[in-house]
Amino acid sequence: MLEILIINNLFITNSQRAFRQRKEGYIKKLEDQVRDRNALEESYKAIQAENYQLRDYVINLQSRLIESQGDYPQPPPQIDLRDPRAGEHLQQMTAPTATMASSAVSQLQAAAAAVAAEDNAGAVKQSQEDAYMADATPYGARRTKPDDVLHSGMSE
């Protein structure tokens with residue numbers, strides 16, 4: 001009977017040791033997974049920050065291009081230029097998407113429209129001035145330009 005108790009105690013002790021070893025191995029495996037996850041999260045944040053910096057750089061380049069040429073090339077069709085930071089509080093741990101802020105897109109479109117309007121207004125004014133100069137009156141009489149009539153409120 002004593003032998004059975006000793007064998008039973010040895011069996012229980014070995015079982016407990018094996019359980020502790022399995023538990024320690026499992027805890028070590030979980031700690032490694034947490035370390036890997038934290039490293040991935042840091043890498044993700046660094047890549048996301050770089051992505052935002054590159055987006056800002058692209059927006060800056062596009063605005064300079066609009067200022068110099070009045071037009072900018074269209075992005076590839078598979079690229080979405082909306083800014084992912086606008087809904088960042090809703091999507092804490094989602095992968096970044098290639099987007100641009102709608103306000104930035106609106107600003108670029110407004111700047112392009114303003115440049116186009118300035119070009120159009122400049123062309124209209126130039127054609128009015130050309131027409132005025134071509135239609136000079138004889139005997140040196142003074143005529144008003146179309147702009148003078150609008151600004152002075154009187155015509156001669």
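Here are a few things to note about the model shown:
- ³J(HN,Hα), Karplus 6.51/-1.76/1.60, whole Hz, each residue of region 50-60, x for Gly, Pro: 5, 4, 5, 5, 5, 4, 4, 5, 5, 4, 4
- In order through region 15-25: 3J(HN,Hα) via Karplus (6.51 cos²θ - 1.76 cosθ + 1.60), integer Hz, x for Gly, Pro: 5, 5, 4, 4, 4, 4, 5, 4, 5, 4, x
- Evaluated at q = 0.15, 0.16, 0.25 Å⁻¹, a Debye calculation over the C-alpha positions of region 1-55 (equal weights, vacuum) places log10 I(q)/I(0) at -0.64, -0.67, -0.90.
- Using the Cβ-Cβ distance between Ala110 and Glu50 with R0 set to 25 Å, the FRET efficiency from 1/(1 + (r/R0)^6) comes to roughly 0.35.
- Computed 3J(HN,Hα) for region 107-115, one whole-Hz value per residue from the Karplus formula 6.51 cos²θ - 1.76 cosθ + 1.60 where θ = phi - 60°, is 4, 5, 5, 5, 5, 5, 5, 5, 5, glycine and proline marked x.
Coordinate-derived values only; no laboratory data. Just so it is clear, the structure is predicted and the values come from calculations on it, not from any experiment. Please note: Cβ atoms are built from the backbone with ideal geometry, for glycine as well, and neighbour counts cover all protein chains shown.
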